[in-house]
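Everything on this sheet refers to the single structure shown next.
The values are calculated or read from the model by the stated rules, or taken from the named source; none is laboratory data. Every value quoted in this text rests on a predicted model; they were computed, and no experiment measured them. Note that we place each Cβ from the backbone using ideal geometry, even for glycine, and neighbour counts take in every protein chain shown.
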Amino acid sequence: MNKRFFAAFLVPFMLFLCGCDNSAASKPLTREEYKVALSTAWEEFCDGTNDYVRACNAAGEDFDKYRASADQLQAACDRTVKGLNGFAEIVPPKEFEEIHKKLLKAAEDEKRWSSYREQSFKTDSKEESDRILDKLAQEIDGMPLEDLLTDIVLKLYNELGGFGSR
C-alpha cells in the first residue's frame, strides 16, 4: 500500500477554486487569464490524483481489491492526465514563457508516471505491479525537486500572487 500511496500522492493536498475553460488560443493570455487557466488545469490534476489515492486507500494492501478497482483507478488516471493536458493548451504571457516550458516538461513526466500507475493495476501479477511501482518510485526519487510539477506550480502560484477563479 505504501508504494501505491507514494506513487499516487505526488502533490500536496491542494484544491483551488475552479476556473473557466481555456480552449487552445493562438495569442498569449493576459496575466489574469493565465492564473485562471492554470487553476483549472491544476484543479483537474489534483482531483484526479486525490481520486487515485482514495481508490488505493480503499484497496489497502489487497492486490485483488486494487485490481478490482481498475475502472475507478483508470478514471482517476484519465482525470489526472486531462489536467496535465490542460497545461499544454495554455499560451502563457511572454513573461512566463520559460517557466511554462518547465511546467510542460514536468507535466510530461507526470503523464509517464501516470502510465506506470495504469500498468500497475492492469497486470495480473502483484510482483509485476510492485516492480512497476518500484520503477516509478526510483524515477521520482531521482528527480531534482525543482523539476517536479508541484514545485513549478508552487513557483508560478507565488509569482502570480495566487491563481484566478471563475
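Residue by residue through the range 145-166, note down the ones that are under 17 Å from the mean Cα position of the chain (by Cα) and surrounded by fewer than 16 Cβ atoms within 10 Å (Cβ to Cβ).
Listed by number, the residues that qualify are L145, E146, D147, D151, L154, K155.
So, in the range 38-54, of the ones that are more than 14 Å from V81 (Cα to Cα) and free of Cβ contacts under 8 Å to residues at least 60 places away in the same chain, which residue ends up surrounded by the most Cβ atoms within 10 Å (Cβ to Cβ)?
First, the residues of the range 38-54 that are more than 14 Å from V81 (Cα to Cα): 38-39, 53-54.
This time we only want the ones that are free of Cβ contacts under 8 Å to residues at least 60 places away in the same chain, so: 53-54.
Details: V53: 19, R54: 14.
Among those residues, the one meeting the criterion is V53.
Select from the range 117-144 the residues that are part of a helix (DSSP H, G or I), surrounded by fewer than 19 Cβ atoms within 10 Å (Cβ to Cβ) and touching a residue at least 24 places away in the same chain (Cβ under 8 Å) and list them in ascending order.
Filtering the range 117-144 for residues part of a helix (DSSP H, G or I) gives 117-122, 126-141.
Restricting the remaining residues to those that are surrounded by fewer than 19 Cβ atoms within 10 Å (Cβ to Cβ) gives 118-119, 122, 126-128, 130-131, 134-135, 137-141.
Correct list: E118, K122, K126, D130, D134, A137, E139, I140.
Please tell me if F87 is assigned to a helix (DSSP H, G or I), at pLDDT 95 or above and of a type in the set (F, W, Y). Show your work before the answer.
Working: assigned to a helix (DSSP H, G or I): yes; at pLDDT 95 or above: yes; of a type in the set (F, W, Y): yes.
Taking the combined requirement at face value, the residue satisfies it.
For the range 56-67, state whether one or more residues are closer than 20 Å to G162 by Cα and part of a helix (DSSP H, G or I).
Step one: filter the range 56-67 for residues closer than 20 Å to G162 by Cα, giving none.
Looking for residues that are closer than 20 Å to G162 by Cα and part of a helix (DSSP H, G or I), one finds none in the range 56-67, hence no.
Conditions tested, residue by residue: (1) aromatic (F, W, Y); (2) crowded, with 16+ Cβ neighbours inside 10 Å; (3) touching a Phe, Trp or Tyr at 6+ places or on another chain (Cβ under 8 Å).
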position: D64; (1), (2), (3): no, no, no
position: S69; (1), (2), (3): no, yes, yes
position: C77; (1), (2), (3): no, yes, yes
position: V81; (1), (2), (3): no, yes, no
position: N85; (1), (2), (3): no, no, no
position: A88; (1), (2), (3): no, no, no
position: I99; (1), (2), (3): no, no, no
position: A106; (1), (2), (3): no, yes, no
position: W113; (1), (2), (3): yes, yes, no
